[in-house]
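Q: Pasting a structure below so you can have a look.
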Amino acid sequence: MGKKDRLRGNNNSSSISRNTPLGEIADSNTYNCTGNFPTDFNELWNRAGLDKVGLPIIKNRSKPPKIPEENFKEGEAEDPTQEMDKSIEDLPTTYSTTNNWDIYKPAIQCEFEVDVSTRQLQINYAKEIYIRGWRFDDKIVQILKQCMLERLTIINLWNTGMNDLSVTTLASMLKTLPSVKTLYLEGNPIPDTEPFHLFITEDNSLANLYLRNNRITEIGAKNIGQALGQFSSSPIVNLNLSFNNLGNEGAKLIAKVRFIRRVKT
């Protein structure tokens, strides 16, 4: 093969990787997921040709600090000097600085189910996913669709700037994840269309659906009411619509099917 042919071949391969839609990567660039969520997500992101600067951090979910147990008996007065000495002892002795970008960079917080098959291999299966305060768009959903999430049970999305496309793609993804039983989609208003009813179907396994603070109006309430009535075999048993703008008419539409579901408005 001549030099021109080799150059032409190289140009074709680069154009494919650049122009191929996300989720339709060429066969030569396929990746077999291992189930280790941090590794799979990062690898799929890079293979999709997405900007590395926007790559979210995969980390363990932050947990609230435990309340210290009382070390004195009931009715016994505390010695203030002991409390002062204790607070001084608890002060940190070293400090470290962190770049602002590292603090505010998008992150996917996870609860992991760790599987140690061998001494050399540890697989962190994603059991719960939490995303807070950054845009959860269609490209993120497309990456998640390619990950091995067979043990995922909870998806929690708060204030993630979702739109019609990301909601539609997420609803489609849930149909392929029978292990997901709970979805929190809160603080994500989508005016005009309010497509939250797409999660109420017989094709997924959602039992708990939380839609608080989405500014759902009579439009969304009507769609939700129709979906509840149409999909009578839907696994939904707990639907939370608190802190929305259903109005009287919207509440009436929901009330028509409320007797067969646990709906909180």
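The values are calculated or read from the model by the stated rules, or taken from the named source; none is laboratory data. Just so it is clear, the model here is predicted, and its values are computed rather than measured. Please note that ligands, DNA and RNA were not included when accessible areas were found on the heavy atoms of the full protein model with its side chains. Shrake-Rupley method; radii C 1.70, N 1.55, O 1.52, S 1.80 Å.
Q: Which cross-chain or sequence-distant (5 or more) residues have an amide H under 5 Å from the amide H of ALA107, H modelled 1.01 Å from N in plane?
A: Excluding prolines and chain starts, which carry no amide H, the hits are ILE57, ARG132.
Q: Residue by residue through the range 130-137, which ³J(HN,Hα) values in whole Hz follow from phi under the Karplus form 6.51 cos²θ - 1.76 cosθ + 1.60 (θ = phi - 60°), with glycine and proline marked x?
A: Coupling constants for the range 130-137: 10, 10, 10, x, 9, 5, 9, 9 Hz.
Q: Here is a follow-up. With θ set to phi - 60° and the Karplus curve 6.51 cos²θ - 1.76 cosθ + 1.60, what are the ³J(HN,Hα) couplings of the range 176-188 in order, to the nearest whole Hz, using x for Gly and Pro?
A: 9, 10, x, 7, 7, 10, 9, 10, 9, 10, 10, x, 10
Q: For THR93, what accessible surface area do you get with a 1.4 Å probe? Give it in Å², rounded to 10.
A: Its accessible surface works out to 130 Å², give or take rounding.
Q: Could you give each residue of the range 199-213 its phi-based ³J(HN,Hα) in whole Hz, using Karplus coefficients 6.51, -1.76, 1.60 with θ = phi - 60°, and x for Gly or Pro?
A: Along the range 199-213, the couplings run 7, 9, 7, 8, 9, 10, 10, 5, 9, 10, 10, 10, 10, 6, 6 Hz.
Q: Could you sort out which of LYS105/LYS181; LYS127/LYS175; LYS181/LYS256; LYS139/LYS222 sit more than 23 Å apart by Cα distance in this structure?
A: Numbers: LYS105/LYS181 28 Å; LYS127/LYS175 17 Å; LYS181/LYS256 25 Å; LYS139/LYS222 30 Å.
From LYS105/LYS181; LYS127/LYS175; LYS181/LYS256; LYS139/LYS222, over 23 Å: LYS105/LYS181; LYS181/LYS256; LYS139/LYS222.
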